[in-house]
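The values are calculated or read from the model by the stated rules, or taken from the named source; none is laboratory data. Not measured: the values here are computed from a predicted model. For neighbour counting, all protein chains shown are included, and Cβ atoms are generated from backbone atoms with ideal geometry for every residue, glycine included. To get the accessible areas, we keep the full protein, side chains included, count just its heavy atoms, and leave off ligands, DNA and RNA. Shrake-Rupley method; radii C 1.70, N 1.55, O 1.52, S 1.80 Å.
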Amino acid sequence: MNWRSTAHHWGIIAKTFHWLVALGIFALAGIGLYMVDMPLGMAQLKVYLLHKALGVTVLALVLLRLLWRLFDRHPHYPADMPRWQVGAAHASHALLYLLLLAVPISGWVYNSASGFPLPWFGLLQLPAIAPVSKSLAHVALSVHEIAFWVLAVVVVLHVMAALDHHFRHRDTVLARMLPWRYRSRVSNTRGDTP
Ligand code: HEM
Ligand code: HEM
């Protein structure tokens with residue numbers, strides 16, 4: 001398997017970023033929704049610290065993924081995939097990236113505007129990215145929550161689209177993003193050429 005993506009396959013680096021970010025988002029969603037209902041105390045504080053440190057880690061991974069994307073290529077879509085579907089795929093990926101930035105950055109702004117510290121797994125102290133302000137904290141928290149729910153909806157549509165490719169159209173769009181090597185058992189009825 002190649003490090004870089006080719007016309008037909010995602011490379012190891014693109015796949016690793018994709019699945020690390022996906023795992024991170026699923027974990028952060030679970031931790032975030034759970035921690036806000038925990039009773040006040042040390043246990044809640046520790047879970048908040050974990051959520052915040054993991055959140056900035058996912059932000060860093062998204063930024064690195066975007067940087068890598070500048071030097072990497074995007075595999076071709078099946079030759080007979082309708083143009084509107086290709087457009088929808090590009091638009092939904094752009095929206096996913098926008099939300100993958102908006103959710104952690106708004107969380108960080110909320111944290112800074114509330115005057116809370118941001119230790120990264122006890123190893124270093126990250127700086128505030130906004131001044132302390134009650135009104136800004138309020139807006140940033142709303143953005144964090146709304147952007148998260150929009151992200152959740154877009155991810156559901158994204159997964160449905162991937163499964164549709166695999167099981168209905170039986171093309172390689174999902175198979176080539178899977179973390180393991182795949183044998184092209186999936187038929188290429190839709191073609192897979194440039
Ligand atoms: C992509 C990464 C992230 C995801 C998916 C995420 C998701 C969530 C979710 C689902 C909640 C619960 C919202 C609610 O029901 O009220 C939440 C709350 C919270 N998040 Fe994040 N978060 C992310 C990154 C961050 C970052 C980077 C920070 C700060 C540096 C952060 C700080 C917070 C805080 C402080 C709360 C609690 C707000 C409250 O007490 O009401 N989050 N997050
Ligand atoms: C939180 C979860 C997820 C996020 C945030 C996410 C995000 C993304 C993004 C941003 C891309 C575009 C890659 C690029 O062009 O740079 C992508 C591609 C892709 N994702 Fe996900 N993904 C998630 C979960 C999943 C899951 C669970 C599946 C499988 C069921 C999946 C299947 C795919 C496939 C097949 C592609 C390649 C699509 C193509 O060739 O255009 N993703 N994902």
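Miscellaneous remarks
- The candidates VAL156, VAL56, arranged from most to least accessible area with a 1.4 Å probe in the full protein assembly, appear as VAL156, VAL56.
- Comparing VAL47, VAL173, VAL58 in a Gaussian network model of the chain (Cα springs below 10 Å), the most mobile by mean-square fluctuation is VAL47.
- Sorting SER135, SER92 on solvent-accessible area from highest to lowest, probe radius 1.4 Å, gives SER135, SER92.
- All lysines inside 21 Å of LYS134 as judged from Cα atoms, apart from same-chain residues fewer than 8 positions distant: LYS52
- Taking all protein chains together and a 1.4 Å probe, the residues HIS169, HIS158 rank HIS158, HIS169 from largest to smallest accessible area.
- Each of VAL58, PRO119, HIS165 was placed along the dipole of the chain (beta-carbon charges, centred on the mean Cα), and the one lying farthest toward the positive end is HIS165.
- Only protein heavy atoms count here; under a 1.4 Å probe, LEU157 has an accessible surface of about 100 Å².
- Cα centroid separation, the range 1-48 to the range 123-167 (Å): 12 Å
- For the range 81-121: rounded, prolate or oblate by the Cα gyration tensor [a/c cutoff 1.5]: prolate
- Exposure rule at most 15 other beta-carbon atoms within 10 Å, DSSP loop chymotrypsin sites (Phe, Trp or Tyr not before Pro): the chain longest free segment: 4-120
- Accessible surface, the range 12-177, averaged per residue in Å² (probe 1.4 Å): 58 Å²
- Normalised by 2.2 N^0.38 Å, where N counts its residues, the alpha-carbon radius of gyration of the range 12-177 equals 1.17.
- Straightening the chain between HIS8 and ILE129 buys 39.5 nm, computed as 0.36 nm per residue apart minus the Cα-Cα spacing.
- As a calculated quantity, the FRET efficiency between ALA60 and ALA27 at R0 = 22 Å, using C-beta atoms, amounts to about 0.90.
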